[in-house]
1. Collect the residues in segment 164-222 that are of a type in the set (Val, Ile, Thr) and under 21 Å from Met100 (Cα atoms), keeping them in residue-number order.
2. Can you pull out the residues in segment 36-74 that are under 21 Å from Gln304 (Cβ atoms), of a type outside the set (Gly, Ala, Ser) and under 19 Å from the mean Cα position of the chain (by Cα)?
3. Which condition number does Pro230 fail, the rest of (1) more than 16 Å from the ligand (Cβ to nearest atom); (2) open to solvent by 40 Å² or more (accessible area, probe 1.4 Å) being met?
4. Name the one entry in Asp119, Asp87, Asp142 that is within 14 Å of the ligand (Cβ to nearest atom), of a type in the set (Asp, Glu) and at pLDDT 95 or above.
5. Look through Thr240, Thr225 and report the one residue that is on the phi < 0 side of the Ramachandran plot, touching a residue at least 12 places away in the same chain (Cβ under 8 Å) and open to solvent by 50 Å² or more (accessible area, probe 1.4 Å).
6. List the pairs whose first member sits in segment 75-88 and is acidic (Asp, Glu), whose second member is open to solvent by 30 Å² or more (accessible area, probe 1.4 Å) and at pLDDT 95 or above, and whose Cβ atoms are under 6 Å apart, counting only residues at least 6 apart or on separate chains?
7. Kindly check whether there is at least one residue in segment 203-212 that is near the ligand (Cβ under 9 Å from one of its atoms), part of a loop (DSSP other than H, G, I, E, B), surrounded by 15 or more Cβ atoms within 10 Å (Cβ to Cβ) and among the aliphatic types (A, V, I, L, M).
8. Among the residues of segment 185-202, count how many are farther than 15 Å from Met168 by Cβ and more than 12 Å from the ligand (Cβ to nearest atom).
Amino acid sequence: MYPYQRPRRLRKSKAIRDLVQETRLHPDDFIVPLFIIEGQNKKEEIPSMPGYFRMTLDHIKKEVKEIWRMGLKSVLLFVKVDDNLKDNTGQAAIDENGLMQQAIKSIKDTVPEMYVMTDVALDPFSSLGHDGIVKNGKIVNDETVEMLAKMGLSHAKAGADMLAPSDMMDGRIRALRETLEENSFDDVGIMSYSAKYASAFYGPFRDALDSAPVDEVNVPKDKSTYQMNPANRNTAITETLLDIEEGADIVMVKPGLCYLDIVRDLANTIEHPIAVYQVSGEYAMLKAAAEKGWLDHDAVMLEQLTSIKRAGASLIASYFAKEAVKLIG
Ligand code: PBG
């Protein structure tokens, strides 16, 4: 009781503040998303994500070497394929010589120790811009899951360390786990996007991959029949417990900042590592405000990342990973 308890004593100097600091960012906390395109010698800045690029594999090789040198140990791969490779069932996703499969091999050849995670979902390959197959105006669950299992297996064969299904179909973790086990890929992990919300913060990412749902009759305009309702909290626990039961190694909450209550709910409920995806719209907002001189970019970035970790995340997929590590490393 006052005056014996004066909390300000522990804030008196930087030394004592550092000594009692509870949460610290470390390079090991980060997963670096990479956007890969076909061709050679291309590095295109994504207009709604200033400072972030789509790259051809030759540039990706340099990038992963640099990332590794900086102390970052994992990448999460997304590919942008040409429109003529897209169809409703995403067949190009399971091509053994597809862009994703080539990218996995090439990164593993370049930096064998890099932990390679791959996006498993149909949207970059879907002519309709959905994470699943569309039939009669609906995203069909079980047929999509069959396709996702084939996709995951092809990533494992190419050398992926961990599959990251971002689609939100029911039962996909179990299907992926079973397929991996049956094919002797028992050490290939699964990071499930288990609590992924139908969020408007994904806009810049859909620009980056040209993967937004198309405006056609009988094609749902948004992803709200599979991604979660932003108003819901309990559903996140249901989804996450199911994914763990089905075989997920790491679970994820996405987006980040608006959903930190969910991260804490999960941290209080489960023992598995929790990842947070700080998404493209979160990145874009800070870049835009900083460009206008309205926010201190580095300070806000570190505050946001620290808050994500304080909420209970042990891993953060973030477009700020390199910038953050330069400051904290
Ligand atoms: C789609 C996918 C999305 C993101 C990752 N995987 C977008 C979506 O669900 O439409 C978003 C990532 C970001 O915004 O940074 N499977």
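The values are calculated or read from the model by the stated rules, or taken from the named source; none is laboratory data. Everything numeric here is computed off the predicted structure, so don't read it as measured data. Methodologically, a virtual Cβ is constructed for each residue, glycine included, from the backbone with ideal geometry; neighbour enumeration extends over all protein chains shown. What goes into the accessible areas is simple: the full protein's heavy atoms, side chains included, and nothing from ligands, DNA or RNA. Shrake-Rupley method; radii C 1.70, N 1.55, O 1.52, S 1.80 Å.
1. Going through segment 164-222, the residues of a type in the set (Val, Ile, Thr) turn out to be 173, 179, 188, 190, 214, 217, 219.
If the condition is that a residue be of a type in the set (Val, Ile, Thr) and under 21 Å from Met100 (Cα atoms), then Ile173, Thr179, Val188, Ile190 are the ones that fit.
2. Ile46, Met49, Pro50, Tyr52, Ile67, Leu72
3. Against the list (1) more than 16 Å from the ligand (Cβ to nearest atom); (2) open to solvent by 40 Å² or more (accessible area, probe 1.4 Å), Pro230 comes up short only on (1).
4. Testing whether each residue is within 14 Å of the ligand (Cβ to nearest atom), of a type in the set (Asp, Glu) and at pLDDT 95 or above leaves just Asp119.
5. Exactly one of Thr240, Thr225 is on the phi < 0 side of the Ramachandran plot, touching a residue at least 12 places away in the same chain (Cβ under 8 Å) and open to solvent by 50 Å² or more (accessible area, probe 1.4 Å), namely Thr225.
6. Taking only residues 6 or more apart or on different chains, the pairs are Asp87/Ser127.
7. yes
8. Within segment 185-202, residues that are farther than 15 Å from Met168 by Cβ and more than 12 Å from the ligand (Cβ to nearest atom) number 5.
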